[in-house]
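Asker: Handing you this structure, nothing more for now.
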Amino acid sequence: MEQHRNNNNKSKNDIFYEITGIKFSREHLLIRALTHRSYLNEHPESLEDNERLEFLGDAVLDFLVGAWLYHHFPEMAEGELTKMRSALVRTEQLAEFAHAINLGEMVLLGKGEEENRGRERPLLICATFEAIIGALYLEKGVKFVQEFIEPFLQEATEQIIVARKERDPKSQL
């Protein structure tokens, strides 16, 4: 577990807790969610990267965002709900959520990915956020994940409505 500590000798679990107030009892889920495949390639002692958790988190997010929109916008038509859901789960939006909790600083990257500024790449940070959602789902359940993402959704939805971000460029043309 020592390789998952920073210079201040804090574990990833401690850092995540300081930022989010969430502590994992099964720390291996958090470490797995934060492990990019480039790190796994250079650290054979690590057992798994975050891709499976990303897959799960993507599905959990899609469901929860859809349900949240359904309940918060009862008069919105299905087509508009779909556009809004798409805007809320797009790569750039999820990367913004990840940046809000400093996931870029916590992700475990290989040297090459680190040198190529992987911590700043929206796709990598988005994938890490989805993996965290998958880990939170396994650790604490769907209700907890729902409560965790609701503040993100509330703020982003307000911004999307004001800026009309739910419209993709093709629709705007």
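The values are calculated or read from the model by the stated rules, or taken from the named source; none is laboratory data. From a predicted model like this one, the values you see are computed outputs, not experimental measurements. FYI the Cβ positions are ideal-geometry reconstructions off the backbone, even for glycines, and counts take in every protein chain you see. In case anyone asks, the SASA skips ligands and DNA or RNA and just uses the protein heavy atoms, side chains included. Shrake-Rupley method; radii C 1.70, N 1.55, O 1.52, S 1.80 Å.
Listed here are the residues, each with its yes/no results for (1) modelled with pLDDT of 95 or more; (2) aliphatic (A, V, I, L, M).
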| position | (1), (2) |
| --- | --- |
| 39 | no, no |
| 47 | no, yes |
| 54 | yes, no |
| 64 | yes, yes |
| 70 | yes, no |
| 75 | no, no |
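Asker: Can I ask one more? Looking only at residues that are part of a loop (DSSP other than H, G, I, E, B) and over 15 Å from residue 151 (Cα atoms) in the range 80-102, which one is modelled with the highest pLDDT?
Answerer: Kept after step one, since they are part of a loop (DSSP other than H, G, I, E, B), are these residues of the range 80-102: 90, 101-102.
Among the residues that remain, those that are also over 15 Å from residue 151 (Cα atoms) are: 90, 102.
Values: 90: 96, 102: 93.
Applying the filter and picking the extreme gives 90.
Asker: If you take the residues in the range 43-61 that are in contact with a Ser or Thr (Cβ under 7 Å, 6 or more places away or on another chain) and not acidic (Asp, Glu), which one is surrounded by the most Cβ atoms within 10 Å (Cβ to Cβ)?
Answerer: Across the range 43-61, the extreme among qualifying residues is 50.
Asker: Exactly one of (1) part of a helix (DSSP H, G or I); (2) farther than 20 Å from residue 33 by Cβ is unmet by residue 131. Its number?
Answerer: Single failed check for residue 131: (2).
Asker: Does at least one position in the range 111-129 carry a residue that is within 16 Å of residue 22 (Cβ to Cβ) and in contact with a Lys or Arg (Cβ under 9 Å, 6 or more places away or on another chain)?
Answerer: So in the range 111-129, the residues within 16 Å of residue 22 (Cβ to Cβ) come out as 128-129.
From what's left, in contact with a Lys or Arg (Cβ under 9 Å, 6 or more places away or on another chain): none.
Looking for residues that are within 16 Å of residue 22 (Cβ to Cβ) and in contact with a Lys or Arg (Cβ under 9 Å, 6 or more places away or on another chain), one finds none in the range 111-129, hence no.
Asker: Shifting gears a bit: Taking the range 131-152 on its own, how many of its residues are open to solvent by less than 10 Å² (accessible area, probe 1.4 Å) and more than 18 Å from residue 21 (Cβ to Cβ)? Write out each step before concluding.
Answerer: Here is the first cut: in the range 131-152, the ones open to solvent by less than 10 Å² (accessible area, probe 1.4 Å) are 131-136, 145, 149.
If we keep only those that are more than 18 Å from residue 21 (Cβ to Cβ) as well, we get 131, 134.
Adding up the residues that qualify gives 2.
Residue-by-condition table, conditions (1) free of Cβ contacts under 8 Å to residues at least 60 places away in the same chain; (2) within 17 Å of residue 145 (Cα to Cα); (3) among the aromatic types (Phe, Trp, Tyr); (4) not in a loop (DSSP other than H, G, I, E, B):
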site: 14; (1), (2), (3), (4): yes, no, no, yes
site: 31; (1), (2), (3), (4): no, no, no, yes
site: 47; (1), (2), (3), (4): yes, no, no, no
site: 52; (1), (2), (3), (4): no, no, no, yes
site: 56; (1), (2), (3), (4): no, yes, no, yes
site: 71; (1), (2), (3), (4): yes, yes, no, yes
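Asker: Would you check which residues across the range 67-114 are acidic (Asp, Glu) and either open to solvent by less than 10 Å² (accessible area, probe 1.4 Å) or more than 30 Å from residue 44 (Cβ to Cβ) (or both) and list them? Outline the logic, then answer.
Answerer: The initial filter retains those residues of the range 67-114 that are acidic (Asp, Glu), namely 75, 78, 80, 92, 96, 105, 113-114.
Selection gives 75, 78, 80, 92, 96.
Asker: Go through 90, 121, 117 for me and flag whichever is out of contact with any Asp or Glu (no Cβ under 8 Å at 6 or more places or on another chain) and at positive phi. Reasoning before the result, please.
Answerer: On the way: 90 fails: at positive phi; 121 fails: at positive phi.
Only one candidate passes the filter, namely 117.
Asker: Which one of these is among the hydrophobic types (A, V, I, L, M, F, W, C), surrounded by 19 or more Cβ atoms within 10 Å (Cβ to Cβ), more than 15 Å from the chain's Cα centre (by Cα) and part of a helix (DSSP H, G or I): 64, 40? Can you show your working first?
Answerer: On the way: 64 fails: more than 15 Å from the chain's Cα centre (by Cα).
Exactly one residue qualifies, and that residue is 40.
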